[in-house]
Structure formats: C-alpha cells, structure tokens
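Student: Sharing a structure here in structure tokens format.
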Amino acid sequence: MSGAPQHDAQKTFYLETFGCQMNAHDSEKVVGTLVQEGYRQVGTVEQADLVLYNTCSIRDKAEQKVFNRLSDYKKYKKQGKTFGVLGCVAQQEGEKIFERTPYVSLVCGSASYRNLPNMLIQIEAGNQRVTGLDDRKTDECFETEFTARTNPHRGYITIIEGCDKFCAYCVVPYTRGKERSRTSESVLAEAHQMADLGYTEIQLLGQNVNSYKDPEGKSGFPKNSKKTFAELLAAVGEVPGIRRVRFTTSHPRDFGRDIVDAIDAVPTLCDHVHLPVQSGSTRVLDAMQRLYNRDQYLERITWMRSAKREISITTDVIVGFPGETESDFAATLDLLDEVGYDAVFAFKYSPRPNTPSLSMEDAIPDAEKARRLEVLMSKQRDIQTTRYKKYIGTICEVMVEAKNEARSQLIGRTTHNKTLNFTAPEALQPGTYAPVRVTGSFPNSLLGELVI
Ligand code: SAM
Ligand code: SF4
C-alpha cells in the first residue's frame, strides 16, 4: 500500500495510546501517516525524537493523569525531544497544555489528524506551538491509505466520526466534533483492500455506527448507490474473503429492525450486538438526554431475540448519575434480568468538563456509586454464569487469536465475541478458524477442545 519513505529515515517517534477502540484505530492511522512522512516507530521514549501521547477523557480525572505523565517527560526535553498531545484531552484542554507544560510543541484533537503531515512540517521547522484544534465542525473524515494495522487478521474501519447526540454526561461531541460519515464507496474500497491483504474479520467503528449517513460520493457515484447502515453492513459482509463483520457502537435511538434483518440475511455478520443502555430507568434516561425510554430500548431487544440466529447482546451502564434514586437503580438491575446480557461494561458516573450534567444537583457520593457498581457487577456475574453454561456441549467456530503457553491452550474468539480457550493436538496459527466443542464455562469465558 505505502511506498518507501521519501525522507530522512532517522526520524523516530514513540506513540502511547489510551482509551477506546476508536483511539486505538486512530493511532494505527497516525502511525501509518508518520511512517509515510519518513518517521520510524520505536518502542521507548528514550529512542524517540518525537513523543506522542494519544489521550482519552471519557471518564475520571483524565486531564490530570495526562499532566502527570507529561511532567514525567519533562526530563527528556533537555535531550532535544519533541512532545505532542493528541486525542480527546488535547481537544478539551487546548492551548492550556502549552501553558502548563511549555515543553509540549503539538496539541492536536482527532478531528484535525488529517492535517498531521502539515503539522509535522511545522514541527520540523522548529515551531514550538503547533495546534490542530479548529476542525470540530469539519465534514471531513481522517481517511488514509497508510493505516499501520497491528493485527494481520482482524482490522478496524472507521465509518463515522464525531457525535451529534450530546448525552448530558459525555465529552465526545466536544472532543471529537460533529458527526460525519465516510462514503460507502470508500468504506467498501477499504474492505476489499483489506480482504486482498488477507484480513478475514472487519470491525466497523464509530461512536454511533448506526447513525451512519452515506454522503455524496466524490467520484460521481449515482445517488441511488447511497447505502443505509444496514445496507453497508451487508455489503461489507459480502466482500469475498471476509468471514466475520462486527460493528460498534450502536445507539439505541437509531437501531432499526433492518440491522437485525441484515444479520439474518448475511451469515458473515457476527451474532453479537453491543447496545449501550446506560440506565434501566426512563426517568434517568430522560435526564441523560439519551433520546429513548426503557420500553423503546426493550423493543429493540425483542427484535434481536426474534432473529434467526441467537444474537449475543452486551451493553454499557452508568451508575450514580446525578439524581439516580434507589428505585432508578433497581430498575437497571431489573433490566439486566429482563435482557440477559452476555457482558456489561459498567462505570461510575464521572463528572466531565463542559457537559450539562456537571451542574446537575443531587450528586451521588462516590462511596454510594462504588456500592451500586459492585451490586450491579455481582448480579451480572450470576447472570453470565448461567448464560455461559448453556454453551456446554455445543460446537462453536472460533478464530484463533493467540497461544496461552502457560496453560498449553489456544485462545479463540467466537462469533458471539466470547473468549473460548481450548486444547488441540497441535498448535493452530493465529487467524485460523476452527470448530471447538465447549466443555466448561466461567462467567467471562468458555473452555473447550478442538473438534477433529
Ligand atoms: N456512543 C456510545 C453510546 O452512546 O452508547 C458510547 C460511546 S462512550 C465513548 C463509551 C461509554 O462510556 C458510554 O457508553 C458510557 O457508558 C461511558 N461514559 C461516557 N461518559 C461517561 C461519564 N461521564 N461517566 C461514566 N461513564 C461514561
Ligand atoms: Fe457520548 Fe452519547 Fe454521543 Fe455516545 S451518543 S458518544 S454517549 S454523546
């Protein structure tokens, strides 16, 4: 894909990444861009000329952690290294980063990554204050053919960037900018290119993948070739060579029955949907500005439960949102029973800069948030123990991910996105697909043996 670097091969960079899959994939694109610009990636700060830190600010005191880490880097400045802060904390704190840490030369939010080559030129010219902070209203996505994917079998494709939903607790619309989709033409071209390179699993990425809106194609594609999200999903699933397609994250408001129809119709679409609910209480959902109520959420679950294949459903929950009462929390616990999730990612509500919920009354004390989190996770552990047991005796196809030498097991992943550790007479290479009989279960994984 990429030609040989055109510039000084000695320029080196080190990149550290925090946060979600979007950040991980952004970093793959940033690495590809830097390599194309003549830089070489190195494994330690000591070896690097340029030190980049791709940050996340979704929860906790992320900005404080970034400043703490940057103060660790201070000692390296004397060695002539250049420092850059990328991602959500960069966008959120902006030029304040230069004031608090004057040895940082680059502050760049994710909406500006497509301008990185230009920013690198400015840095190389000795500019001490290079910013990429003004692109949150852009319609452009960060598209590059130089993505440095770290896994040779499974790869991400971003289909939509930013978010227009403005949930009351969330920084994403402020840090990642307005919602903008790539053309289906460009997404499909990337999927074909990945299949040609030997990838068999594709994960479509976006803060809300199913809010996807196919823009006008640049190369004059006829209007009627525009695709809905479900159509795009099906089309990626039909790319020759692709055996598995996943997508994350889906927003319940925009989750249509057509997505379930696509899963029914296209066997390569995985039997798994991540549909964050955040709360089981309509009152709290309203305060969170989630744009759906409990019944509407459960309606989507009913659609999935009536699919031809059993779809594994996972979710995100926030406990202790301002004003969440015991009975609101009980409604969330009750929802866990009603849905029967295969995994729940639960978080204590974390007040975030610039968000409307920051100034809401009735904050829940941290100890109470911690208690609710523990109660919820313990309940979910029980639910998963029961749900995972049901797989015992069944045969699941896995994609081999790695070998666990210590246990003499292979680590596989099922279409339901479950980890299935199994034994086999001889090692199978990562990326291999194999049938495995499930012989045991735990709350978070399955155990099995290769079917010979
Ligand atoms: N767009 C997705 C959606 O609407 O469900 C979620 C994307 S967000 C990056 C991932 C998860 O982080 C959310 O689902 C939510 O549970 C959690 N999250 C976001 N802001 C939070 C906050 N202020 N405190 C705690 N958890 C938060
Ligand atoms: Fe954040 Fe809500 Fe947008 Fe998800 S939909 S990224 S939670 S604002």
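Student: Does at least one position in the stretch 173-190 carry a residue that is within 14 Å of ligand 1 (Cβ to nearest atom), touching a residue at least 60 places away in the same chain (Cβ under 8 Å) and out of contact with any Gly (no Cβ under 9 Å at 6 or more places or on another chain)?
Tutor: yes
Student: Moving on to the next point. Please go through the stretch 156-172 and give me each residue that is part of a loop (DSSP other than H, G, I, E, B) and near ligand 1 (Cβ under 10 Å from one of its atoms), ordered by number.
Tutor: C163, K165, C167, A168, Y169, C170, V171
Student: Do any residues in the stretch 344-365 that are in contact (Cβ under 8 Å) with a residue 12 or more places away in the chain have Cβ atoms under 6 Å from those of residues that are of a type in the set (F, W, Y) and not in a strand (DSSP E or B), where the two are at least six apart or on different chains, and which pairs are they?
Tutor: Matching pairs, first to second residue: Y349/F321; N354/Y174; T355/Y169; S357/Y169.
Student: Scan the stretch 129-150 for residues that are part of a loop (DSSP other than H, G, I, E, B), more than 20 Å from R40 (Cβ to Cβ) and in contact (Cβ under 8 Å) with a residue 24 or more places away in the chain and jot them down.
Tutor: Answer for the stretch 129-150, where residues must be part of a loop (DSSP other than H, G, I, E, B), more than 20 Å from R40 (Cβ to Cβ) and in contact (Cβ under 8 Å) with a residue 24 or more places away in the chain: R129, L133, D135, R136, K137, T138, D139, E140, C141, F142, E143.
Student: OK, next. Being out of contact with any His (no Cβ under 7 Å at 6 or more places or on another chain), surrounded by 14 or more Cβ atoms within 10 Å (Cβ to Cβ), closer than 25 Å to A168 by Cα and not charged (D, E, K, R) is the requirement here; does L336 meet it?
Tutor: Considered against the rule, which asks whether it is out of contact with any His (no Cβ under 7 Å at 6 or more places or on another chain), surrounded by 14 or more Cβ atoms within 10 Å (Cβ to Cβ), closer than 25 Å to A168 by Cα and not charged (D, E, K, R), L336 comes out as yes.
Student: Being among the aromatic types (F, W, Y) and within 16 Å of ligand 2 (Cβ to nearest atom) is the filter; apply it to the stretch 309-350 and report the residue that is nearest to C20 (Cα to Cα).
Tutor: In this case the residue turns out to be F345.
Student: Name the single residue, out of those in the stretch 267-316 being basic (K, R) and within 15 Å of ligand 1 (Cβ to nearest atom), that is farthest from G340 (Cα to Cα).
Tutor: The selected residue is R290.
Student: Only one of (1) among the polar types (S, T, N, Q); (2) modelled with pLDDT of 95 or more; (3) within 16 Å of ligand 1 (Cβ to nearest atom) fails for T17. Which number is that?
Tutor: (2)
Student: Can I ask one more? Please name all residue pairs, on different chains or six or more residues apart, with Cβ atoms under 9 Å, provided the first residue is in the stretch 304-324 and is acidic (D, E) and the second residue is part of a strand (DSSP E or B) and more than 15 Å from ligand 2 (Cβ to nearest atom).
Tutor: Sorted first by the residue in the stretch 304-324, then by its partner, the pairs are D316/V344.
The rows are residues; the columns are (1) assigned to a helix (DSSP H, G or I); (2) modelled with pLDDT of 95 or more.
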{"residue": "A9", "(1), (2)": "no, no"}
{"residue": "A24", "(1), (2)": "yes, no"}
{"residue": "S27", "(1), (2)": "yes, yes"}
{"residue": "V31", "(1), (2)": "yes, yes"}
{"residue": "S57", "(1), (2)": "no, no"}
{"residue": "F67", "(1), (2)": "yes, no"}
{"residue": "Q79", "(1), (2)": "no, no"}
{"residue": "E99", "(1), (2)": "yes, no"}
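The values are calculated or read from the model by the stated rules, or taken from the named source; none is laboratory data. Remember, it's a predicted structure, so these values are computed and weren't measured experimentally. Ideal geometry is used to build each Cβ from the backbone, glycine not excepted, and the neighbour counts take in all protein chains shown.
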